[in-house]
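One structure below.
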Amino acid sequence: MVVAYIGLGSNLNAPLLQLKKAIHFIANSKQVKLLQTSSFYLSKPLGPQDQPDFVNAVMGIETSLTAAALLTQCQAIEEKLGRVRKQHWGPRIIDLDILLFGNQKLDQLELTVPHPGLVQREFVIYPLLEIAPNLILPDGMPLQKQTKSVALNGLRKLAKDEWEVACNV
Ligand code: A4P
Ligand code: MG
């Protein structure tokens, strides 16, 4: 069994609802056990700015799948939720990124882990820190230390009384 972390992001079609659905589907996948989910965070778009803010979260799972099989599962869930791939870094109903897969390092176009954006993206690293404060990254760097060099850039946790709004935009 391997502990893996998945980053979730959405800025279309009721983003919070999309994240909740994706968490539900991943948690109920075969050979996957849900460990933790972070809070939901509101973040400024990385990339083109003429798109809505994102809702982001990170989940921790334990799995007996290989990294490649987990990616296939994630892509099937993206498809089930109606993701259409259009613009690179553009608006999306759901994006599932494998951030970490145990201590494995993979450097292929179709699967790079640790995810190259992990250490510089505030909307990934802070939610990850929330659920895994003592994590050591595969290169030996403590996550807590890595996070110190990443600016919040307006990232904030969605309070529960804002959930309904984020489910309806
Ligand atoms: N791929 C390689 N490594 C991985 C991995 N570790 N996890 C490949 C998942 N996929 C991985 O992804 C393109 C290809 O990456 C896939 O075919 C897969 O085999 P995609 O999801 O089809 O395309 P994309 O998401 O548009 O491109 P990319 O480069 O993955 O974008 P990112 O890095 O996912 O960034 N701003 C905010 N605030 N919040 C966000 O969540 N997300 C993005 C997308 C941009 N701006 C954002 C956010
Ligand atoms: Mg992606």
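The values are calculated or read from the model by the stated rules, or taken from the named source; none is laboratory data. All values derive from a computational prediction rather than experimental measurement. Remember, those area values only see protein heavy atoms, side chains included, never the ligands or the DNA or RNA. Shrake-Rupley method; radii C 1.70, N 1.55, O 1.52, S 1.80 Å.
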Across 5 Å bins beginning at 0, the whole-percent shares of Cα-Cα pair distances in the chain come to 1, 9, 18, 23, 22, 16, 8, 2, 0
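Starting from the Cα-Cα distance between Ser149 and Val84, subtract it from 0.36 nm times their residue separation and give me the gain in nm to one decimal.
Length difference between fully extended and current span is 20.1 nm.
Enter the accessible area per residue of segment 50-114 (Å², integer; probe 1.4 Å; all protein chains in place). Intermediate results must be reported in sequence, preceding the final value.
Details: 3330 Å² over 65 residues.
Computed with neighbouring chains in place, this is 51 Å² per residue.
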Pairs from Lys33/Lys160; Lys105/Lys160; Lys30/Lys105; Lys44/Lys145; Lys30/Lys148; Lys44/Lys160 whose Cα-Cα separation, in the structure shown, is over 29 Å
Lys105/Lys160; Lys30/Lys148
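Can you compute the helix-only [θ] at 222 nm over the chain? Use -39500 (n - 2.57) per DSSP H run of at least 4 residues, normalise by all residues, nearest 500 deg cm²/dmol.
Working: 5 runs with 48 residues, N = 169.
Computed ellipticity for the chain at 222 nm equals -8000 deg cm²/dmol.
When the accessible area of segment 62-143 is split by element with a 1.4 Å probe, what percent falls to carbon and sulfur? Write down the numbers at each step before the final one.
Working: 2280 of 4220 Å².
That share works out to 54 percent.
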